[in-house]
Amino acid sequence: MQYYTVTADSYEEAVRKATELYGSGIRIHSRRDYTTGGHLFRRRRQHCEIVCYLAETGKEESQKSKEKDISEFAKEAKTPDPSTLSPSERLDTEIYRENEKLTEAAALLSLNHITGKLYEMLLKDFPSSGDVPMILSERILNSVAIDYERQVHPRHFVVFVGPTGSGKTTTLAKAAYLYSREGKSVGIITLDTYRTGAVEQMEAFGRALSIPVLSAGAEDELIRAAEHFSWKDIVLIDTMGLSPHDKELNLKLAGMLSVLDKDRTDYILTVNACMKEEDIMQQGTAYSRFSPSSLAVTKLDETETIGNVLSFSAGSSIPILFFTDGQKVPETISKASGALVLEHMKGLGLDMQGFRKQVTLQ
């Protein structure tokens, strides 16, 4: 049996070309999709190569039979176009299995629960040689967005939003201490007058940190509190946790915060690092009306990896501002950095968490 190789820019074009050259009696033996170019001054091009052979036929077939043959051999040969596959499905195709480094990198990303847009960015054009953890570490550093601008130059009003239990109040207290330690004058306003003991908790933090605290339960009270702290460099505002089903409270909070100068206000969304990515996505949707400028990632001490948060950050285009890793105020807060990101990733060679555990046991 004789085999013929046909190459074109797409699978459909290769089939058409093979039919014109060898007739409708051909059958597809195999298919390979590959890319050429991509170097300096050369544009990347997609190609499809099919290997086919002629089926033995007897009498001359009718036009209808020929059309059926064409449909059948196309069906036999039809494997998914790699451009339509998900990253995990793509690794199952023959052309991608050839790159063992890519497979290793994909396994590391899955180990760290990295998905979606960030997953694709980190695996795009992955080299077939080199140290995979080192390559991934460099790519993560170049891909993860950190809000350095607001770390250094926060706006006048910094509003912390997030569900109950996300560590919002303690994170705000830690951030207040962090900014005051840098020489900025800080005031705190709490709007959480609904949760029992919330105001008292914030006032206790204020006394411990020597930072003044005011509470506001209505728009006029927030205006007065904001005016009282008008001379402060930063005014941190704590909010009540919201339920998507509590429309009245949602509207009340939105109404209260509308009195703040939008050009001088940032919203920080607190995200629990232990949450699954789909839960974080729901949380992001619930607070999307406030257009959060940054993320404060909490409870790092309760998880081994933050790939879920990094994936959410990349997918939502919201950079990371703070990391917190415990309940102690004010010690357990850090400004986000590339080194801290890598510390909380598994298998990349910077296992500081494991090192700290060993030191503690000793």
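Summary table
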| quantity | calculated |
| --- | --- |
| 5 angstrom amide H check on Lys184, placed H, neighbours 5+ away | none |
| Environment charge at Ile268 (Cβ cut-off 10 Å; Lys +1, Arg +1, Asp -1, Glu -1) | 0 |
| Residues Val271, Val341, Val213 arranged by fewest to most Cβ contacts within 10 Å | Val213, Val341, Val271 |
| Other-chain or far-sequence residues with amide H under 5 Å of Leu242's (modelled H) | Gly162, Thr164 |
| In region 208-252, GluC sites (Glu not before Pro) in a DSSP loop with at most 16 other beta-carbon atoms within 10 Å | none |
| Ser317 versus Thr7: modelled label distance in nm, points set 7 Å from Cα along the beta carbon direction | 3.9 nm |
| Cut-off 12 Å between beta-carbons: net charge of the residues surrounding Ser258, Lys and Arg +1, Asp and Glu -1 | +1 |
| Student exercise, region 141-182 dipole from Lys, Arg, Asp, Glu Cβ charges, in Debye to nearest 20 | 140 debye |
| Cut-off under 5 Å, modelled amide H: who pairs with Thr298 long-range | Val271, Asn272, Ala273, Thr324 |
| Residue order, fewest to most surrounding Cβ atoms within 10 angstrom, among Thr303, Thr196, Thr170 | Thr196, Thr303, Thr170 |
| Ala218 versus Glu100: modelled label distance in nm, points set 7 Å from Cα along the beta carbon direction | 7.2 nm |
| Under Karplus coefficients 6.51, -1.76 and 1.60, residue-wise ³J(HN,Hα) of region 11-27 in Hz, glycine/proline x | 4, 4, 5, 5, 4, 4, 5, 5, 5, 5, 7, 10, x, 7, x, 6, 10 |
| Local net charge near Ala226, Cβ-Cβ under 12 Å (Lys/Arg +1, Asp/Glu -1) | -2 |
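Values quoted throughout were computed directly from the atomic coordinates according to the rules given, and no laboratory measurement underlies them. Predicted model only: the values in this text are computed from it and were never measured. When we count neighbours, we look across all protein chains shown, and the Cβ atoms used for this are built from the backbone with ideal geometry, even at glycine.
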